[in-house]
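Colleague: Please read through the structure below; I'll follow up with questions.
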Amino acid sequence: MDNLKTISSYFDNAKIIYKDYISKFIPNFDTHWGYQHRIRQFNTIQESIKNDFPFDEINLIETGVSGRLDYGLFGLMLGSLVSDFGGQMHSVDLDCDSCNNSEKIFSEVLPLLKYKTYCMDSISFLSQPPIIPNIVHLDSVDFDLRNPFPSALHCWKEFITIEKLMPSKSIIIVDDNWMKGTFLQWIINGESELIEIKYPLIGKGVHVYQEIKNSDTNWELIGNHYTSTDNIKLIFRKK
């Protein structure tokens, strides 16, 4: 695609489709922090890749399916983008119910999208993917701020498994990251704690971030949203 206005319009249309679906269940969508936050995250992807995505179709892999409304259904926007732009989307998750729910939602909202879910371990899946992706969204293993290491390590394993297969100018997106200076009201099992992030970054993508920022790799961090005190997605592009 060489029409930058057109690709940007696909992002805009994906947000409309997302809003139309979520608003059926969340009447206060326009003021709901959680869903507006996901729109803001999607905007950062739009701004980061719209000027440098030289592919004729999007072949997208998502780890952690978008199958539950209370998890935000961020992948629905990604699927809308793929459906309009052209290409296919594959999602993997250990939760088979979420996989089934995702198939139902996507078939209802995006009937023309080439979409399939896989109920299996994401690292095994990425070692032999059904497509060679040019966009990957890493969002598996729930992040726990009080014990951040399991999800960060799992994300790193996902990254090193898939990145070598991806072509130049491909994009990898990593969910659930917070920059230094952020204050989080972390609530788990009814217990609440205000936590200040004192490290440069913490989240699922911390190992990927450290490697790419501090080493000579084939990847670079892109985007201008890294001063945010919000939950951010790290966006990397292969050189």
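Colleague: I'd like the residue in segment 194-239 that is more than 16 Å from the chain's Cα centre (by Cα) and hydrophobic (A, V, I, L, M, F, W, C) and, out of all such residues, is nearest to I162 (Cα to Cα).
Modeller: W219
Colleague: Test each condition in (1) free of Cβ contacts under 8 Å to residues at least 24 places away in the same chain; (2) closer than 24 Å to D176 by Cβ for S23 and report the one that comes out false.
Modeller: Unmet for S23, out of (1) free of Cβ contacts under 8 Å to residues at least 24 places away in the same chain; (2) closer than 24 Å to D176 by Cβ: (2).
Colleague: In addition: Kindly provide the set of residues from segment 88-114 that are out of contact with any Gly (no Cβ under 9 Å at 6 or more places or on another chain) and in a helix (DSSP H, G or I), ordered by number.
Modeller: Residues satisfying the conditions are C96, S107, E108.
Colleague: Quick check, is K238 in contact (Cβ under 8 Å) with a residue 60 or more places away in the chain, in contact with a Phe, Trp or Tyr (Cβ under 6 Å, 6 or more places away or on another chain) and under 30 Å from Q128 (Cβ atoms)?
Modeller: In short, yes.
Colleague: Can you tell me which residue in segment 54-87 is nearest to G223 (Cα to Cα), limited to those that are in contact with a strand residue (DSSP E or B) (Cβ under 9 Å, 6 or more places away or on another chain) and either surrounded by fewer than 19 Cβ atoms within 10 Å (Cβ to Cβ) or hydroxyl-bearing (S, T, Y) (or both)?
Modeller: F55
Colleague: Select from segment 223-239 the residues that are surrounded by 14 or more Cβ atoms within 10 Å (Cβ to Cβ) and among the β-branched types (V, I, T) and write down the one among them that is farthest from K180 (Cα to Cα).
Modeller: Looking at residues that are surrounded by 14 or more Cβ atoms within 10 Å (Cβ to Cβ) and among the β-branched types (V, I, T), I get I235.
Colleague: Still on this structure, I have one more. Return the residues of segment 195-222 that are charged (D, E, K, R) and either surrounded by 20 or more Cβ atoms within 10 Å (Cβ to Cβ) or farther than 17 Å from G181 by Cα (or both); say none if nothing qualifies.
Modeller: Correct list: K204, E211, K213, D216, E220.
Colleague: Considering only residues of segment 132-152 that are aliphatic (A, V, I, L, M) and under 14 Å from T63 (Cα atoms), which is modelled with the lowest pLDDT?
Modeller: Out of the qualifying residues, it is V141.
Colleague: Can you tell me how many residues within segment 135-146 are buried (at least 22 other Cβ atoms within 10 Å of the Cβ) and of a type outside the set (D, E, K, R)?
Modeller: Going through segment 135-146 one residue at a time, the tally reaches 5.
Colleague: I'd like to check something: does segment 115-130 contain any residue that is part of a helix (DSSP H, G or I), without any contact (Cβ under 8 Å) to a residue 60 or more places away in the chain, surrounded by 15 or more Cβ atoms within 10 Å (Cβ to Cβ) and of a type in the set (S, T, N, Q)?
Modeller: Yes.
Colleague: Can you name the condition, by its number, that I7 falls short on among (1) modelled with pLDDT of 95 or more; (2) of a type outside the set (D, E, K, R); (3) surrounded by 19 or more Cβ atoms within 10 Å (Cβ to Cβ)?
Modeller: (1)
Colleague: Could you look through segment 70-80, keep only residues that are in a helix (DSSP H, G or I) and within 13 Å of the chain's Cα centre (by Cα), and pick out the one that is modelled with the lowest pLDDT?
Modeller: Result: Y71.
Colleague: Here is a follow-up. Based on this model, can you work out whether F149 counts as of a type outside the set (D, E, K, R) and within 17 Å of the chain's Cα centre (by Cα)?
Modeller: Here the answer is no, as F149 does not meet what is asked.
The values are calculated or read from the model by the stated rules, or taken from the named source; none is laboratory data. Computed from a prediction, not measured in an experiment: that's the story for all the values here. So basically every Cβ, Gly included, is an ideal-geometry build from the backbone, and we count neighbours across all protein chains shown.
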